Amino acid sequence: MSSEFRFCPLCASSLAWLPHRDDGGIKERLSCPSCGFVHWNNPTPVLAAIVEYRGQVLLARNAAWSGRMFALITGFMEAGESPQQGIAREVKEETNLDVTALDLVGVYDFQRMNQVIVVYHVVAEGEVVLSPELAEYKLLDLDQIRCWHQATGVALADWLRARGMEPQFMEFDRA
């Protein structure tokens, strides 16, 4: 078990893995032996959009990513907003597009990042202007899309299947 937390945010004591009882039995959780603080380490909800724009799907490359990987528009939900409001905000912030329709595609687990990803298909209009967070974008016809074998790529594949298309997947060199 590992965690990025080493000290209690309440009293600054060193944290330790201690047993805690819940409905599922006993599980070790990173906890403070001094004040009782428990770091639950629950997954973070993330929103993602399959953006349909002028009949094509918009994929973007994050400016912080090395390589040429393009993916869905994603972001964190903010306090006080619904997932639908959050994804419309993220699409606007990152692409300048206005969401005119949205439908839930599904909810996907991304354990490597300790996230639960809520994926929507959105129809958007306007003129694309990328935020500094994104380096570039591309528009693809449905038959040009190549999915990936993780979270949002699986969601994209599910969305294509729902439209009667068999998704094609990228193969990565794992050498």
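The values are calculated or read from the model by the stated rules, or taken from the named source; none is laboratory data. Please read these numbers as outputs of a predicted model, since none were measured by experiment. Neighbour counts run over all protein chains shown; Cβ positions are idealised from the backbone, glycine included.
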Quiz item: List, please: which pairs have Cβ atoms under 8 Å, are six or more places apart or on different chains, and start with a residue in region 125-146 that is among the aromatic types (Phe, Trp, Tyr) and end with one that is surrounded by 15 or more Cβ atoms within 10 Å (Cβ to Cβ)?
Solution: Tyr137/Leu58; Tyr137/Leu59; Tyr137/Ala60; Tyr137/Arg61; Tyr137/Phe70; Tyr137/Thr95; Tyr137/Val128; Tyr137/Leu130
Quiz item: Consider Tyr108 against the criteria (1) crowded, with 18+ Cβ neighbours inside 10 Å; (2) touching a helix residue (DSSP H, G or I) at 6+ places or on another chain (Cβ under 9 Å); (3) closer than 14 Å to Phe70 by Cα; (4) not aliphatic (A, V, I, L, M): it satisfies all of them except one. Which criterion is unmet?
Solution: (3)
Quiz prompt | Condition check for Arg161: closer than 22 Å to Ser66 by Cα, part of a helix (DSSP H, G or I) and either among the charged types (D, E, K, R) or not assigned by TED's automatic domain parsing to the domain that holds Ile50 (or both) | solution = no
Quiz item: Which one of Gln144, Gln168, Gln150 is among the polar types (S, T, N, Q) and within 19 Å of the chain's Cα centre (by Cα)?
Solution: Gln150
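Each row is one residue, and each column tells you yes or no for (1) exposed (fewer than 14 other Cβ atoms within 10 Å of the Cβ); (2) part of a strand (DSSP E or B); (3) on the phi < 0 side of the Ramachandran plot; (4) in contact (Cβ under 8 Å) with a residue 60 or more places away in the chain.
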position	(1), (2), (3), (4)
Glu4	yes, no, yes, no
Leu10	yes, no, yes, no
Asn41	yes, no, no, yes
Val46	no, yes, yes, yes
Ala49	no, yes, yes, yes
Val57	no, yes, yes, yes
Ala88	no, no, yes, no
Val91	no, no, yes, no
Ala101	yes, yes, yes, no
